[in-house]
Amino acid sequence: MGRRASSRPAPARVDPVAHAIVVDGVTETFRLYQERPSGLKERLYRFRRSTYTDFDALQDVSFTVGYGESIAVIGHNGSGKSTLLKLLARILPPDQGSVRTNGRVASLLELGAGFHGELSGRENIYLNGAILGMSRAQIDERFDAIVDFAGIRPLLDTAVRTYSSGLYVRLGFAIAVTVDPDILLVDEVLAVGDAEFQDRSLERMRRFRDDGKTIVLVSHDLAAVRDLCDRAIVLDRGRVAFDGPVSEGVELYRQRVATAHVPAGPRWSGSRRVAIEQVLLLGADGQPVAEAPPSTPLTLRVRLRASEFVEVCSLGMTVTRGDGTHLYELHTTWQGVAVGPLAVGQEATVDVRFSAHLLAGHYSIATSVTDVNGRETWAVVADAVRFAIEPAPGGAGLVDLAASTSVVEGPARRLGDPGFTGPIPLPRLQRRRDAAP
Amino acid sequence: MVVAPRHGVVLAPRAGSTGRVGRVNATNFEPSTGGLLGRGPLGKLGELWRARELLSQLVAKELKVRYKSSSLGFLWSMLTPALMTVVFTIVFTRVVPIRIPDFAAFFLAGYLLWQFLQNSCQGAIHSIVGNGDLVKKVYFPREVLPLSHVLAQLIHLLLALLVVSPYLIVTRGVDVLLYLPVTLLTVALLTVFVAGVAMWFAGVNVVFRDLQELFVVIFLVWFYATPVLYPLALVRAQLGADALLVRALALNPMTWFVEAFRTPLYGAVRETGAAADAGLALVTSSGPALPSATVLAVCLGWALLTFLGGYTVFLRRARTFAKEV
């Protein structure tokens, strides 16, 4: 509880015990020292050198999580995800606002954090269990389950410093999940270990979810996020940018990633020299479309307006699948085409004609205007248009490879329509794929 | 587990619930929001009690890790006091004589106590900073970290007493055994005192890292300001009971603990009344005896005061350990 938390009135709009987690107006401030004044000399001089800046890792964050809900917290590095989890785990008290959790909280923030290398696996199980709040009797009861889950039985009496890092993490996970919490906090720990272990830990988390436990998951593994969670909270520089269904949250985050720049990509330039006025996706008939069959010719029409004089610029588009998978990117300059010069207020319209060789799914196009070298971004619209590709027979997967089949030797049969003479369509696998986890 | 009202485990029925949410055998640590004794069942002390399993595991770790790969094991921890006793006995019986019967027994009876304090604090001062990973990643009552060092050292002290007791019995008489309950009472009071000092060092060192550099100096001065090497009665005999130095020594809580601890193990040291320049012994000692009620009362006072003070400072610091470690 924050210093100021106790004086704050309880939130009137939410009944505090009706939710597993109630986060109300939380701000968490870190003091970033240029040179940490933790020594004597610095203390003596501190009155004249205040070499720190306050940084709000979280700003006025509020949300509630219902019992049995599983939510994902996603966002860029430094967006405050881990700080939020630490607040929920009570490792940090909020500087402002309040955090309330109803139920036992177990946090998988770092696996094996309390291990001591000199102690054996057996001893560490007891030590780590005790750190997580289990009594000796409870650990005794779950000891075999832990050992089997981690698969360390032959190494039980060996010092853990000799364990491989994968083994170390497995043991940490095995102990952490036996705490049997009501609320499970998970921070990126699924990213470790081999594929088999990841599967098992995901499976374990699913079981938690199906048992009606509340899960808060911080992860960059968007597939796991979509798999495990119903709801996503997207954090952006310490604020809640989105709170809603997981698919939308993941999509939003993906677009933020696509537009908010990996270091190698174009840098955001403060001056918005160009404005993207309108983005349309047109079908073959020139009418805007939201849904199209696979491999239809489509046109992306972008209207720009220069806010200041632009000598030359390039229009870019990025096509992503709903889950954020980057499918295609194109800048007009790559094809030797650029826009400009544009006088202030002058408009230009660019058409990008393409065939969406895609199969059924939801897709999104982001557009941007950059300088011709792609170093500076002058305008960007994430999620400028969304479109869906209709399910159609003829193939399954992501990309429409426009395959045709024929039996070149041996007897062949046409299925279905006896009058059909074209290539025989493959049976639709879509249903099977949808059923798969 | 008894549940603090603000972070209670809630018995909330819920559609599709397996009924497990409502279970009240919660094992995870629930931070108390109040002070030492405020809010919740006994506040922080209640939380500490619920963490006793963790505390015992940490103490076991402390002891195991220390002796795991050494062949002499516990005997190592006896080596320092043994060598110190030899050195100081030679110096203070041959070179600069302090005329007191059985100097080695006299010294040991104080030095073991001193070692308990110093080693506890030395372990505790690094306990938060050194376990940064843990502190940043898992919630548990942070005070178990310094306290585990204190308890591990307590075990050392008790074992060491066991080892030296034959020597004390031989030199000072079987009364040592008779007064064993008083010795243990003194040790208990001292443990409370040391816990307070250790938590203060652990908590303050997180924000004031110079403390670990100052540590050696602080404890060196403190050591000589405590009548471990010399009997308090000798100072009184030489300077007079009202001398500034004698009064200053009385302000040092360790003076009282050493006196209280030494009396049942070694005996009371008192002035002989001989003149300083007569070449006679200024002090003499009786056999093991009961420490006076005053001494024990002062020890109790210091123990409670230091524990509450140290714990309060520690808890105030502990709020932001995860940010500062």
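Within the stretch B:150-171, is there a residue that is under 15 Å from the mean Cα position of the chain (by Cα) and of a type in the set (Ser, Thr, Tyr)?
No, that holds for no residue.
Has the stretch A:188-205 got at least one residue that is within 11 Å of chain B (Cβ to nearest Cβ), in a strand (DSSP E or B) and either in contact with a helix residue (DSSP H, G or I) (Cβ under 8 Å, 6 or more places away or on another chain) or over 30 Å from residue A:63 (Cα atoms) (or both)?
no
Can residue B:109 be described as over 20 Å from the mean Cα position of the chain (by Cα), away from chain A (no Cβ under 14 Å) and crowded, with 23+ Cβ neighbours inside 10 Å?
Spelling it out, it is not the case that residue B:109 is over 20 Å from the mean Cα position of the chain (by Cα), away from chain A (no Cβ under 14 Å) and crowded, with 23+ Cβ neighbours inside 10 Å.
Can you pull out the residues in the stretch B:267-307 that are at pLDDT below 90 and of a type outside the set (Gly, Ala, Ser)?
Passing the criteria: B:269, B:270, B:271, B:272, B:277, B:280, B:282, B:283, B:284, B:288, B:290, B:291.
Can you tell me which residue among A:147, A:179 is of a type outside the set (Asp, Glu) and within 30 Å of residue A:63 (Cα to Cα)?
A:179
With the stretch A:69-163 as the region, which strands (runs of 3 or more DSSP E) entirely inside it contain at least 1 residues that are touching a Gly at 6+ places or on another chain (Cβ under 9 Å) and facing chain B (nearest Cβ under 9 Å)?
A:105-108
List, please: which pairs have Cβ atoms under 6 Å, are six or more places apart or on different chains, and start with a residue in the stretch A:354-382 that is closer than 18 Å to residue A:334 by Cα and end with one that is assigned to a strand (DSSP E or B) and of a type in the set (Phe, Trp, Tyr)?
Going by the 6 Å Cβ cut-off, the qualifying pairs are A:369/A:378; A:377/A:268.
Among the residues of the stretch A:395-413, how many are under 14 Å from residue A:356 (Cα atoms) and either outside any loop (DSSP other than H, G, I, E, B) or among the basic types (Lys, Arg) (or both)?
1
With the condition kept exactly as written, say whether any residue in the stretch B:219-236 is surrounded by fewer than 16 Cβ atoms within 10 Å (Cβ to Cβ), outside any helix (DSSP H, G or I) and of a type in the set (A, V, I, L, M, F, W, C).
yes
Looking at this structure, is residue B:65 more than 19 Å from the chain's Cα centre (by Cα), more than 11 Å from chain A (Cβ to nearest Cβ), among the aliphatic types (A, V, I, L, M) and surrounded by fewer than 19 Cβ atoms within 10 Å (Cβ to Cβ)?
For residue B:65, the condition - more than 19 Å from the chain's Cα centre (by Cα), more than 11 Å from chain A (Cβ to nearest Cβ), among the aliphatic types (A, V, I, L, M) and surrounded by fewer than 19 Cβ atoms within 10 Å (Cβ to Cβ) - is not met.
Mind counting the residues in the stretch B:127-166 that are assigned to a helix (DSSP H, G or I) and hydroxyl-bearing (Ser, Thr, Tyr)?
Count: 2.
Take the residues in the stretch B:71-81 that are under 17 Å from residue B:153 (Cβ atoms) and without any contact (Cβ under 8 Å) to a residue 24 or more places away in the chain, then tell me which one is surrounded by the fewest Cβ atoms within 10 Å (Cβ to Cβ).
For the stretch B:71-81, the residue satisfying everything is B:79.
What about residue B:204, is it under 26 Å from residue B:130 (Cβ atoms) and either surrounded by fewer than 21 Cβ atoms within 10 Å (Cβ to Cβ) or free of Cβ contacts under 8 Å to residues at least 24 places away in the same chain (or both)?
yes
Matching residues to (1) surrounded by fewer than 19 Cβ atoms within 10 Å (Cβ to Cβ); (2) basic (Lys, Arg); (3) not in a helix (DSSP H, G or I):
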| position | (1), (2), (3) |
| --- | --- |
| B:241 | yes, no, yes |
| B:262 | no, yes, no |
| B:299 | no, no, no |
| B:305 | yes, no, no |
| B:308 | yes, no, no |
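Provide a single number: the residues in the stretch B:146-201 that are of a type in the set (Val, Ile, Thr) and without any contact (Cβ under 8 Å) to a residue 40 or more places away in the chain.
Of the residues in that region, 3 qualify.
Of all residues in the stretch A:394-425, how many are under 43 Å from the mean Cα position of the chain (by Cα) and either aromatic (Phe, Trp, Tyr) or modelled with pLDDT under 70 (or both)?
4
For the stretch A:227-250, indicate whether the set of residues that are without any contact (Cβ under 8 Å) to a residue 12 or more places away in the chain and over 20 Å from residue A:104 (Cα atoms) is non-empty.
For the stretch A:227-250, residues without any contact (Cβ under 8 Å) to a residue 12 or more places away in the chain and over 20 Å from residue A:104 (Cα atoms): present.
The values are calculated or read from the model by the stated rules, or taken from the named source; none is laboratory data. This is a predicted model, so every value here is computed, not measured. Cβ coordinates were reconstructed from backbone atoms using ideal geometry, including for glycine residues, and neighbour counts include every protein chain displayed.
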